[in-house]
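**Student:** Shown below is the structure under consideration.
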Amino acid sequence: MKNGKFIVLEGCEGAGKSRQCKFLSEALIARGFDVVSTREPGGTPLAEGLRGMILDPAYSPDALSELYMYSAARRDHLNGVVFPALQSGKVVVCDRFVYSTLAYQGYGRGLDIDFVREVNARTTAPLNVDLALFLDVTPEVGFERKGGADNADRLERENTEFFERVYVGFEDMCASGELIRIDAGGTKEETADKILREVLRIL
Ligand code: Z5A
């Protein structure tokens with residue numbers, strides 16, 4: 001269904017995903033690629049609206065509701081932004097994707113892993129991810145970089161054990177080969193170089 005490339009950056013809070021998506025997009029544009037930089041949850045008016053509701057501490061959806069909200073946002077984002085961009089041959093750089101759902105709603109919240117995988121697969125069909133990188137810094141280091149958890153973000157109010165389970169989820173996905181691990185513990189520039197090297201391999 002597509003000629004473009006779909007690239008995902010994943011990681012825990014404060015791993016540097018947003019900065020690195022920006023650096024990567026700029027580096028690819030400088031090399032002449034047509035790039036769309038986007039994020040999940042978000043990217044379309046509906047998905048951004050859902051994002052606001054998902055992260056708002058005023059609401060308390062259970063794990064299953066959370067899974068479906070992320071998935072609804074994702075489907076709208078795919079239909080509105082990602083599929084059209086890929087069909088016109090663009091490189092799409094996405095901040096978080098289904099790996100976050102598996103890590104947070106599966107490992108973190110405790111939903112059945114196979115069920116989350118099934119929802120992810122049905123939500124994203126017929127998309128194939130071309131490259132998914134895990135920016136590896138522990139939750140501890142990530143929160144340190146951010147100067148602590150953001151209390152206005154419902155997810156960031158979770159306890160340490162939750163984020164440790166999420167991290168284990170990402171580690172498992174690196175072990176299975178679904179994610180490629182990038183040591184993101186160095187400077188922003190060092191991490192940007194490592195990411196660009198991996199990305200240029202598939203372009
Ligand atoms: N979530 C979910 O549960 N299920 C899903 O399916 C999806 C998401 C898609 C929103 O994500 C929440 O949704 C998130 C997961 C959940 N929940 N939580 N908690 P988000 O992407 O909006 O939120 P985030 O991951 O928490 O973003 P973030 O905190 O902004 O982190 P980041 O984008 O990885 O980092 P950054 O903004 O680029 O950098 C953070 C700070 O670190 C900043 O001050 C930088 O200057 C600094 N930084 C970055 N790199 C470095 C290096 N190399 N050295 C030193 N300092 C650095």
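The values are calculated or read from the model by the stated rules, or taken from the named source; none is laboratory data. This structure is a prediction, so every number in the text was calculated from the model and none was measured. Glycine gets a Cβ as well: all are built from the backbone with ideal geometry, and neighbour counts include every protein chain shown. Side chains are part of the model used for accessible areas, which takes the heavy atoms of the whole protein and leaves out ligands, DNA and RNA. Shrake-Rupley method; radii C 1.70, N 1.55, O 1.52, S 1.80 Å.
**Student:** Just checking, does region 108-128 include any residue being without any contact (Cβ under 8 Å) to a residue 40 or more places away in the chain, open to solvent by 60 Å² or more (accessible area, probe 1.4 Å) and not in a helix (DSSP H, G or I)?
**Tutor:** Within region 108-128, one or more residues are without any contact (Cβ under 8 Å) to a residue 40 or more places away in the chain, open to solvent by 60 Å² or more (accessible area, probe 1.4 Å) and not in a helix (DSSP H, G or I).
**Student:** Please find, within region 92-116, the residue that is nearest to Ser25 (Cα to Cα) out of those that are more than 7 Å from the ligand (Cβ to nearest atom) and touching a strand residue (DSSP E or B) at 6+ places or on another chain (Cβ under 7 Å).
**Tutor:** If we take residues in region 92-116 being more than 7 Å from the ligand (Cβ to nearest atom) and touching a strand residue (DSSP E or B) at 6+ places or on another chain (Cβ under 7 Å), then Val93 is nearest to Ser25 (Cα to Cα).
**Student:** Please indicate, with yes or no, whether at least one residue in region 154-163 is open to solvent by 70 Å² or more (accessible area, probe 1.4 Å) and of a type in the set (Val, Ile, Thr). Give the steps one after another, and end with the answer.
**Tutor:** Start the filter on region 154-163 by keeping residues that are open to solvent by 70 Å² or more (accessible area, probe 1.4 Å), which leaves 157, 159-161.
So of that shortlist, the ones also of a type in the set (Val, Ile, Thr) come out as 160.
Scanning region 154-163, I find at least one residue that is open to solvent by 70 Å² or more (accessible area, probe 1.4 Å) and of a type in the set (Val, Ile, Thr), so the answer is yes.
**Student:** Here are some conditions: (1) away from the ligand (no atom under 12 Å from the Cβ); (2) free of Cβ contacts under 8 Å to residues at least 60 places away in the same chain; (3) not aliphatic (A, V, I, L, M). Phe83 meets all but one. Which one does it not meet?
**Tutor:** (2)
**Student:** For Leu135, are the conditions met, namely being open to solvent by less than 50 Å² (accessible area, probe 1.4 Å) and more than 17 Å from Gly11 (Cα to Cα)? Steps first, answer last, please.
**Tutor:** Details: open to solvent by less than 50 Å² (accessible area, probe 1.4 Å): yes; more than 17 Å from Gly11 (Cα to Cα): no.
No; evaluated as a whole, the condition is false for this residue.
**Student:** Among the residues of region 173-190, what is the count of those that are away from the ligand (no atom under 14 Å from the Cβ), in contact (Cβ under 8 Å) with a residue 12 or more places away in the chain and out of contact with any strand residue (DSSP E or B) (no Cβ under 9 Å at 6 or more places or on another chain)?
**Tutor:** Qualifying residue count, region 173-190: 0.
**Student:** So, one more: Scanning for something assigned to a loop (DSSP other than H, G, I, E, B) and closer than 12 Å to Asp76 by Cβ, does region 44-60 turn up at least one residue?
**Tutor:** yes
**Student:** Still on this structure, I have one more. Scan (1) more than 12 Å from the chain's Cα centre (by Cα); (2) surrounded by 22 or more Cβ atoms within 10 Å (Cβ to Cβ) for the single condition Ala15 breaks and write down its number.
**Tutor:** Every listed condition holds for Ala15 apart from (1).
**Student:** Applying the selection to region 131-157, what residues are within 11 Å of the ligand (Cβ to nearest atom) and in a helix (DSSP H, G or I)?
**Tutor:** Pro139, Val141, Gly142, Phe143, Glu144, Arg145, Lys146, Leu155, Glu156, Arg157
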